[in-house]
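Inspection log for the structure reproduced underneath, given as C-alpha cells.
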Amino acid sequence: MIRIFPSLRFTSLLSAAKPLCSYSPAREPPQYASFTEAKSSPQTNSLSITPKTPLFLRTPSHATSLSEVWKWHDWAKDLASSVEESSTNSEDILDSVILHRELKWLIEDSIVDDPLVILHKSEIADNGEKNVKLRASLEELYDLWRQRIEKRRPFQYVVGCEHWRDLVLCVEEGVLIPRPETELIVDMVEELVARDEWFKKGFWADLGTGSGAIAIGIAKVLGSSGRVIATDLSPVAIAVAGHNVQRYSLEGMIEVREGSWFEPLKGLEGKLVGLVSNPPYIPSDDIPGLQAEVGRHEPKLALDGGIDGTDSLLHLCHGASRMLQRGGFFVFETNGEKQSKMIVDYMMSNDLKDCFSDLKIVSDFAGINRFVTGFRL
Amino acid sequence: MLSLIIRRSRSRFINGIKIRTIFSSCNSLSYPDSSSSVLVSRRNFNSTPASSYFGFNSGKISYSESNFVSTTRSLSSEAVAVATTCDGLTVERIIANQWPILDENESDWKSHAAAISQSIQVIKRRLQWKKLLVRLNVLSAELNKPDLWNDPIHAGKISREHGSLTGKMKGVMTFERELLEHIDMLKLAKEEDDSELESDTLKALMDMRRVSKEKELEALLSAENDPCSCYIEVQAGAGGTESNDWAFMVMEMYKTWAQRRKFSVTVVDEAAGEIAGIKRATIKVNGEYAYGYAKAEVGVHRLVRISPFDSGKRRHTSFAAVAVIPILGDGSTRVQINDSDLRIERFRSGGAGGQHANTTDSAVRIIHIPTGITATCQNERSQHMNKASAMAVLQSRIDQLEMARQTAMNAQHTQSLTEISWGNQIRTYVLHPYRMVKDLRTNYEVSDPDSVLEGDLDGFILSFLSSSLDKDDPEH
C-alpha cells in the first residue's frame, strides 16, 4: 500500500529523537496491520509529497560552542522583547511574554543537551567553550527566529510540530495547526466511550482531518478495537496525517483517505457510530482581517467557510444524517455563538427534522459556544 | 558459668528456644525497676573463666540472634522495655556517665559508646519517641478491632501508618541493642583477654558511630509526608518592581537548590512582573524528600539592598512569601474532587478563538467552586497538559487544606500562601550596608549571601529542621 516513508528511514528518524521527545510515540518499526492493507481508496496525489521533518526529530549534526549559542539566545531574547515597541498595528501584535516562552521551546526542540545549559548561563563554570549539539545550524536558528518575528510565521511551522493533548504532531505549511479548543472534541468522545462501550466498536470518521490530530486523539481513546477513517481534500494534509498516524503506530486503527468530505466514505452509509469534524467555518469576509500568523500562513482551504462560514457545516449536517447509524454520535466545531445556534436550528428543521436527538451546544474553555453535538435518531 | 557459655554457643545450632531463654537472662529487655535479673547476670559473667570462651569470636552472629530477642515483646507491652547490658548499662546511663567523646579514630570504647548514645537520644527526640510509642499503641489497638476492615480505606491507612511507625521504632531499638551487645562483648573480650575479639568489637562500634550520624539526619525527615515531591510557590510582596525582582531571585534560589539536590524542577505557573521579576510563580520539585526539606522554607523572606531599580540608589526592603505544598503519593488518602465542582477557564484576550487565532498560549485556570481554590498553568505546550498540571496543583492545594483542617490542633501542616501573614518573617538577606543572611527562627547565619542565593540552603534547612524537632519535645 501507499506509505510515504520507507520504514527504515522512518525508524532512524525516530531514534534520533529520543533525548528530547518527551511524549514520544512508540519507536518500533511501524506494524502494517491488516486494516491498512485493505485500504481501497487511492492516494495518488500524496505519493510525491514528503512531509518535512520537524526540528525535534532531526539528527543533531551541528556542533556549536556554547558561547555562540548564548549570543544567539541573547539576540533572540532582545528581538522578542522589542516587538511591542516596534509594532505599527496596535490590533495585531506579538506578545513578548509568549515569545519568550516560545523561545524556550525552540531551544528545547533544537538542543540535545539539557536546555538549562542555555537558559541558566550564570551557573556554568566553563566560559562557554564547551560544544553543544544542535539539530539545526546556528545560522538556521537565526533565520527561524527572524521568520517567527518579522514574517509572523507561526511558531508551530517554525519548529514543525504542535503539542496537542498528549501528542506531538508534525505540522507544516498547507496543514492547519490544530487549536487548543479542538482538544475538547476528543475529551467529549472520551467521555462518551467511557459511558457506553458500544461506541468503541464501530467506525468513526474525522472529516477534514488536516494533521490527523482528532483522528489520532480519538483512536487513542477508543482503544485497540477502534476504527477511524480520516479524510482530507488536501494532498499535503493526507501526507502529514499519514506520517503522524505512523509515528504513533496507529496504522492498524486509522485509515487516511484523500477526497472531499464524505466522498471517500462510499459504502459506509448508515454504518458510522461517530462523526467528528473541525471544518472551515470562518466567514469569507473575515479572512483578510485574520491574525497575521493565520491569514498569511495557514491554508485558506481549512479556514474559509463561505459567505457566512457555514458552507461545509451544512454539508456535514446532511452527511451526518446519511452516514451515522441509529444512536451514532457527532460533534462539529463551529465559529461560535451565532453559528452554533444556526446549525442547531438547521438540524431541527426542514428535511433534517426528526433525524437527530439531544442536540447540544458545548462551549470551549474561553466560554465561547464552540461545538454542536448530537445523536442520530 | 562455664557450662552456661558452652551451652550458649552450642545451643545456637541445636535449639533456638534454648538460646532465647538463656540469652534473656543476660542480655535482656528488662524493665527499669526489675533489677534482679541484672544482678544475676552480672554475677554470672564475673565468674567466667577465660578458657570457657571458645568458638564465639564472631561478634556478628550474636547481633542477629539478639534481634530475635528484641522484637518479641516490645510491640505488645504497655511500656516499652529498655535494653540493658549484662551489668545494667543503658543508653541513658551511658549519657549520664558523661564519658568524654574523643575523636573517631581514638580506640576508646567509652567515647564511641557515648557518641552513639547521644545520637540515639537525638534520633529519638527527632522521631518524637514518646509520642510515637503512644501513637503505636493506639494504632495497635485499632488494628485489633474485629470490624476494622469494614472500612478498607481507613484500615489501609491505619495499617500503613502502623507499619511505618513500627519500622522506625524497631530500627532504633535494634540499633540501641546492638550498641549494648557490643559493650557486653567488649567487656567479655577484655575479661577473656581476647585481643582479636576486642579489636573487632571496637571496629564495630566505630562503624556504628558513623552510621549513627547518618541516622540522625534521616530522622530529621521522618514526618508522614516528608518523602513526597512538592510544589514551591513564591509570591512577591508589595512594592512593585523591586519586590517582583526579589520574588524572582527567591524562585531562582530554589530552582538551583533543587537542581543541586538532584531534584527535577518544572515551572507550572508564572506571572511576570510588569518591568522585571515575577508577581508569583509555582514550581514543581520532583524527588525523594523534596517536601521534607523544602517545608523548612515556608514563610516570608526579607531582602535589604540598594535597589537597582531606584535611580536614587536608596536602600530598599522587599518581601517575598514562600509556600510549600506536598504532592501526596497514591497511597495517601486524597480528597475526592467532583468534576461538577470545577470551573475550567482559558485565558484569552477577547478574540474569537478557534480557527481565528493561532496562539501557543494555552493557559488554563481551574477553579474549585466550593472552596474558591484556583490553580493555573501556562507553561506546558498543550492545553490538555496545562489542564492536567493545573489539576494536579489544585488537587494538592485541596489536599493541603484538608490536612490543615485535620491537623489544625497540632499545627503540623505547612501554611498555604493565603495563610502566611506578612509578619511571619523567617529569614533576612542583607546585601547592604553589610552582607549577611540570617534565619530568624534558628539564628543560623551566613556571611555570604551570594552562595545562599545560588541555592546553598542546606545549612539553613537542616538547622531549622533539627531545632524545630528539638523544640517539639518538651522532655529535652
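Since every read-out is calculated from the coordinates, none of them should be taken as a lab result. Note that the structure is a prediction, hence the values are computed from the model and not measured. Neighbour counts are summed over all protein chains in view; Cβ atoms, including those assigned to glycine, are modelled from backbone coordinates with ideal geometry.
How do B:157-166, B:179-188, A:254-263 rank on mean C-beta neighbours within 10 Å, highest first?
On the way: B:157-166: 15.7, B:179-188: 22.7, A:254-263: 21.2.
Result, highest mean Cβ count within 10 Å first: B:179-188, A:254-263, B:157-166.
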The residues A:L103, B:L342, B:L457, sorted from fewest to most surrounding Cβ atoms within 10 Å, come out as B:L342, A:L103, B:L457
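Please compute the average number of Cβ atoms from other chains found within 10 Å of each residue's Cβ in peptide A:159-169. Mind dumping the intermediate values first?
On the way: counts 2, 0, 1, 4, 8, 6, 6, 4, 2, 2, 1.
Average neighbour count from other chains, rounded to a whole number: 3.
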Could you give the nm distance between label points at A:R322 and B:N443, where each point is 7 Å from its Cα heading toward the beta carbon? 8.8
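Using a Förster radius of 56 Å, what is the FRET efficiency between B:I275 and B:S107 based on their Cβ-Cβ separation? Nearest 0.05, please. Don't jump to the answer; show the numbers that get you there.
Working: r = 65 Å, r/R0 = 1.16.
Approximately 0.30, to the nearest 0.05.
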Grab region B:225-476 and count how many Lys pairs have their alpha-carbon atoms under 22 Å apart, sequence gap of 8 or more, or different chains. 13
Excluding same-chain residues fewer than 8 positions from A:K300, which aspartates and glutamates have a Cα within less than 12 Å of its Cα? A:E173, A:D286
Whole-Å distance linking the alpha carbon centroid of region A:323-377 with that of region B:113-147 is 64
Is there a simple number for the mean count of other chain Cβ atoms within 10 Å of the Cβ of residues in A:94-104, and what is it? 3
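Can you order the peptides A:49-59, B:276-286, B:290-300 by their average number of other Cβ atoms within 10 Å per residue, highest first?
Details: A:49-59: 19.5, B:276-286: 21.2, B:290-300: 23.7.
Highest mean packing first, the order is B:290-300, B:276-286, A:49-59.
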Would you please give the residues with an amide H less than 5 Å from that of A:R165, counting only those at least 5 places away or on a separate chain, with H modeled from the backbone geometry? B:Q383, B:H384, B:M385
So how far, in whole Å, is the C-alpha centre of region B:214-230 from the one of region B:261-309? 21
Efficiency by 1/(1 + (r/R0)^6): what FRET value for B:D341 and A:K300, r their Cβ-Cβ distance, R0 = 35 Å, to the nearest 0.05? 0.25
Of B:K168/B:K213; A:K201/A:K341; A:K52/A:K130; A:K52/A:K151; B:K131/B:K157, which pairs sit farther than 23 Å apart, going by alpha carbon to alpha carbon? A:K201/A:K341; A:K52/A:K130
Starting from a Cα-only point model with no solvent, please compute log10 I(q)/I(0) by Debye for region A:169-229 at q = 0.12, 0.28, 0.29 1/Å. -0.29, -1.22, -1.27
In what sequence do B:T174, A:T209, A:T182 fall when counting other Cβ within 10 Å, fewest first? B:T174, A:T182, A:T209
For peptide A:176-189, the mean count of other chain Cβ atoms within 10 Å per residue Cβ is 4
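Give me the mean projected area, in nm² to one decimal, of the convex hull enclosing the Cα positions of region B:275-346.
Values: hull surface 33.4 nm².
Its Cα hull, projected and averaged over all orientations, spans 8.3 nm².
Based on the alpha-carbon gyration tensor of region A:229-277 and its eigenvalue square roots a ≥ b ≥ c, which shape applies: rounded if a/c is under 1.5, prolate if not and a/b is larger than b/c, or oblate?
Details: a/c = 2.43, a/b = 1.38, b/c = 1.76.
Because a/c hits 1.5 or more and a/b fails to exceed b/c, region A:229-277 counts as oblate.
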Kirkwood hydrodynamic radius over Cα pairs of region B:225-476, then Stokes diffusion coefficient at 4 °C and 1.567 mPa s, in µm²/s: 67
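Cβ under 14 Å from B:M385's Cβ, B:M385 left aside: what net charge do those residues give with Lys, Arg +1 and Asp, Glu -1? Before the final figure, lay out each step's value.
Working: positive: A:R101, A:R165, B:K284, B:R346, B:R381, B:K387; negative: A:E108, A:E162, A:D166, A:E183, A:D187, B:D269, B:D361, B:E380.
Taking every Cβ under 14 Å from that of B:M385, the sum is -2.
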What FRET efficiency do you get for A:A63 and A:D143 if R0 is 25 Å and r is their Cβ-Cβ distance, rounded to the nearest 0.05? 0.85
